[in-house]
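What follows is a single structure, written as structure tokens, with notes after it.
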Amino acid sequence: MPKIKKTKPKKENLKESNLYEKIRKSVDDASRFYINTREVVKAGDVSFDLKDVLILGAITGTDCLLTGKTGSGKTRLANMVMSGLFGKDEYTNKTITPAMQPDDFLDIDFNVMKEGGTLQKAIKPLSIIEKPGVVLNEANRAPSIIQNYLIPFLDKEMDIQGKEFYVGKELKSGESYQYRVITINEGEEYFVEAMDKALRDRTVIEIPMDMFYQTTKDCLEMLNVQKEINESPTVKTKDVSNDIFELVTHINKLEVEEKVLFFLTYLSGMSYCVKIDSSSKMKESINFSPRICDSGCHFSASTPANIHNLCGNVAAPSQRALINLLKVSKGIAYMRAAKTGTNDCKVTIDDVVSAAPFVLYYKIEMYPDWIEKHYQGNLWEAINDVIRQAKARFETILQELPIDPSNPQGTFKPELLTDYVEKNNDVWALRLAEIFCPN
């Protein structure tokens, strides 16, 4: 592995550090009738609530999926936050129905194009393909013809009748920006289809709203302020979209600790299995089942480093998920620094751990029976526990093996890794050998 080029730390500009406060105030003004102060996640000593996480998606340019039972406030919250972020004219709200057709979904008059008109002339006002902000409701009710358009739409690159174009607003950097908040009801009682896995993989941040219900104080206060809706004038909020676009470029350039990249690579080793008789050693290469572990594989045994038979019951997140995890971790690092007023915006492993439950929710394959047995079926808690166990195991590697992150090949001793793997029953660590000992 070539030596990773170091970048000089960039001091946080005071203007950039104040942009979060400006954005948060705009969102709070637009959503003052939605009150939920429950902590969703912590980064160091900093707490993040639901509105913080939705802002996190906006400033990192990563789409957000809100799930939960009907009446949990998903659509209401999404629209309020979008109004605070982009203003009422720069975001659009669309509800998908089983009978929806492509021209209704894309806001394009296909007849204009069939008659030789340009795509620009065919686009209707408030088009979903032009706005920087989109709220998309009930995506799991989409008929197959709409799902075929949803995937390229979420990829922000579409081809309509031979005309290729990018979705969203073009920034000064040349990249296309559009922030989508998608809401779905899940559960048999709603008579909806399970969300297509390809679609779910393309939504980066996922928030199960039922996990973060309002506190008693929030409920009382929210009920009390309802009378103000008709009594007080609507607060006029000015959009902060230009500040968001500026932050997207800034956050992408944040410095990342080198051991963070090794940790993400370590997570990609979750699919390693010593019992697989193939060159790949990856669970995805066979029809893997926990029964493979039943013959006494010591790597799957419950130990302090492998609680609840972790090894055999989880698979690695995809490369796409890991890339997205790094992107969101940069946003966490920025918001952590902005909330504490510090200049330290370097991305740490703790930032990755804070971002992981949102990004890896439904992105790590885990056996349902295992989740039911050890976490009462709570996927969120299972993800939290898995990522923290992974962090603890990785920190043990750094303690026991002499690795200089700036020069790993020069300080790494492969024989020590072999000893470590056997001693700690940590087969995931074999993934690191490919980095430090490529030959």
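A few notes on this one:
- Pairs are defined by a Cβ separation below 7 Å, a sequence spacing of at least 6 or placement on different chains, a first member in region 264-285 that is of a type in the set (D, E, K, R), and a second member that is open to solvent by 40 Å² or more (accessible area, probe 1.4 Å); the pairs so defined are LYS275/ILE292.
- Number of positions in region 287-346 that are closer than 23 Å to ILE59 by Cβ, of a type in the set (Ser, Thr, Tyr) and open to solvent by less than 40 Å² (accessible area, probe 1.4 Å): 2
- Those helices (runs of 4 or more DSSP H) lying entirely in region 88-179 with at least 2 residues open to solvent by 30 Å² or more (accessible area, probe 1.4 Å), among the β-branched types (Val, Ile, Thr) and at pLDDT 85 or above: 144-155
- Of all residues in region 5-51 being closer than 26 Å to GLU258 by Cα and among the hydrophobic types (A, V, I, L, M, F, W, C), the one that is modelled with the highest pLDDT: PHE48
- Condition met for VAL359 (open to solvent by less than 10 Å² (accessible area, probe 1.4 Å) and either free of Cβ contacts under 8 Å to residues at least 60 places away in the same chain or over 16 Å from the mean Cα position of the chain (by Cα) (or both)): no
- Restricting attention to region 101-151, the residues being more than 28 Å from the chain's Cα centre (by Cα) and hydrophobic (A, V, I, L, M, F, W, C) number 7.
For (1) among the small types (Gly, Ala, Ser); (2) in a loop (DSSP other than H, G, I, E, B); (3) open to solvent by less than 40 Å² (accessible area, probe 1.4 Å); (4) at pLDDT 85 or above, each residue gets a yes or a no:
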{"position": "ILE182", "(1), (2), (3), (4)": "no, no, yes, yes"}
{"position": "GLU189", "(1), (2), (3), (4)": "no, no, no, no"}
{"position": "ALA194", "(1), (2), (3), (4)": "yes, yes, no, no"}
{"position": "MET211", "(1), (2), (3), (4)": "no, no, no, yes"}
{"position": "ASN230", "(1), (2), (3), (4)": "no, no, no, no"}
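- Qualifying residue in region 246-257 (condition: at pLDDT 80 or above, open to solvent by 60 Å² or more (accessible area, probe 1.4 Å) and part of a helix (DSSP H, G or I)): yes
- Output for region 53-76, where each listed residue is surrounded by fewer than 22 Cβ atoms within 10 Å (Cβ to Cβ) and assigned to a helix (DSSP H, G or I): THR75, ARG76
- Pick from region 282-319, criterion closer than 24 Å to TYR361 by Cβ and among the charged types (D, E, K, R), ranking: modelled with the lowest pLDDT: GLU284
- Hey, GLY73 at pLDDT 90 or above and within 29 Å of LEU150 (Cα to Cα) or not: no
- Test: residue in region 100-108 that is under 17 Å from ILE207 (Cα atoms) and in contact with a helix residue (DSSP H, G or I) (Cβ under 8 Å, 6 or more places away or on another chain): no
The values are calculated or read from the model by the stated rules, or taken from the named source; none is laboratory data. Given the structure is predicted, the values throughout are model-derived calculations rather than measurements. Cβ coordinates were reconstructed from backbone atoms using ideal geometry, including for glycine residues, and neighbour counts include every protein chain displayed. The protein model used for the area step is the full one, side chains on, heavy atoms only, and it has no ligands, DNA or RNA in it. Shrake-Rupley method; radii C 1.70, N 1.55, O 1.52, S 1.80 Å.
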